[in-house]
Amino acid sequence: MSSKSQLTYSARATSHPNPLARRLFEVAEAKKSNVTVSADVTTTKELLDLADRLGPYIAVIKTHIDILSDFSEETITGLKALAAKHNFLIFEDRKFIDIGNTVQKQYHQGTLRISEWSHIINCSVLPGEGIVEALAQTAQAPDFPYGSDRGLLILAEMTSKGSLATGAYTSASVDYARKYHSFVLGFVSTRALSEVESSVAPADGEDFVVFTTGVNLSSKGDKLGQQYQTPQSAIDRGADFIIAGRGIYAAPDPVEAAKQYQQQGWEAYLARVGGQ
């Protein structure tokens with residue numbers, strides 16, 4: 001586990017070189033929450049209702065915007081307004097995976113207008129370094145209107161059974177994160193990746209943020225190969241932010257479920273940093 005993960009969010013926010021990472025840690029500290037809710041619903045009304053109800057208890061909302069049956073201007077304005085109202089960030093789980101020229105258009109153009117409303121995006125490095133370079137180039141262009149308020153997570157590992165995101169693929173994820181660290185916030189992974197072999201030396205003060213998916217209090221998996229872990233086990237393995245989907249939005253009372261994840265995630269974090 002990275003030595004940085006033993007520090008408090010506020011300490012990491014003070015020293016972190018990435019403005020969006022600083023903001024992310026500040027949100028977590030202010031709300032005492034490291035929960036990302038994966039809002040895998042299929043209408044704008046459901047998405048905005050969930051964001052409004054769960055907003056006070058989460059640090060980040062994760063969307064799959066292309067599963068909405070009625071994406072529109074209302075979706076964008078509603079999400080942005082609720083993020084401001086409840087002080088959370090938006091993470092569009094688009095998992096970009098194409099050549100650089102295509103992902104630039106998918107991110108900053110096209111129907112979904114992702115760069116306009118999503119603070120955080122992610123990509124697979126299966127296409128090679130060019131995908132990270134292209135996204136960084138777009139977000140750091142002089143005429144990009146959202147400045148340093150955007151960042152990338154590299155999908156370095158997955159929680160599905162039999163995932164091929166291992167070994168050399170994960171090492172390449174670390175390589176590219178280090179090469180483009182001014183735009184790459186960190187990783188979606190099952191653990192901290194500080195010990196993964198990399199051909200690129202770490203920068204001074206390296207502090208990549210780890211998001212871990214597949215967190216669920218009441219289930220060990222599903223029939224489609226998903227494998228779950230608890231907030232405690234995820235944070236013990238190096239997660240800075242836990243991502244929970246069905247365990248929250250499909251619960252009988254999603255608000256109560258969000259509060260449970262918030263409490264357990266925060267207690268696990270406090271235990272990791274020694275209750276500072």
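A full extension of the chain between GLU46 and THR102 corresponds to an added length of 17.1 nm, given 0.36 nm per residue minus the alpha carbon distance. Between segment 260-274 and segment 1-71, what is the separation of their alpha carbon centroids in Å? Segment 260-274 and segment 1-71 have Cα centres separated by 15 Å. By the helix-only formula, in which each DSSP H run with n ≥ 4 contributes -39500 (n - 2.57) and the sum is divided by residues, the chain has a 222 nm mean residue ellipticity of -12000 deg cm²/dmol.
Between SER10 and ASP66, the modelled labels are 4.2 nm apart [label points 7 Å from Cα along Cα→Cβ]. The label point for ARG53 and the one for ARG237, both projected 7 Å from the Cα toward the Cβ, are 2.9 nm apart.
Segment GLN137..ALA84, full-extension length gain: 16.4 nm, with 0.36 nm per residue of separation and the alpha-carbon distance subtracted.
The GluC sites (Glu not before Pro) found in segment 171-276 that occupy coil by DSSP, while having at most 13 further C-beta atoms within 10 Å, are GLU195, GLU197. Here the contact order of segment 9-275, divided by its residue count and restricted to Cα pairs under 8 Å and six or more residues apart, works out to 18 percent. Exceedance of the 19 Å cut-off in Cα-Cα distance is limited, within the set LYS62/LYS179; LYS95/LYS259; LYS62/LYS259; LYS32/LYS80; LYS31/LYS85, to LYS62/LYS179; LYS95/LYS259; LYS32/LYS80.
Here the accessible area of the chain is 51 percent carbon and sulfur, with a 1.4 angstrom probe and all protein chains present.
Is any residue of segment 190-215 close enough, with backbone N under 14 Å, to a label point placed 7 angstrom from the Cα of THR166 along the Cα-Cβ axis, and if so, which? It comes to 190, nothing else.
The values are calculated or read from the model by the stated rules, or taken from the named source; none is laboratory data. Quick caveat: nothing in here was measured; it's all calculated off a predicted structure. Cβ coordinates were reconstructed from backbone atoms using ideal geometry, including for glycine residues, and neighbour counts include every protein chain displayed. With ligands, DNA and RNA removed, areas are computed over all heavy atoms of the protein, side chains included. Shrake-Rupley method; radii C 1.70, N 1.55, O 1.52, S 1.80 Å.
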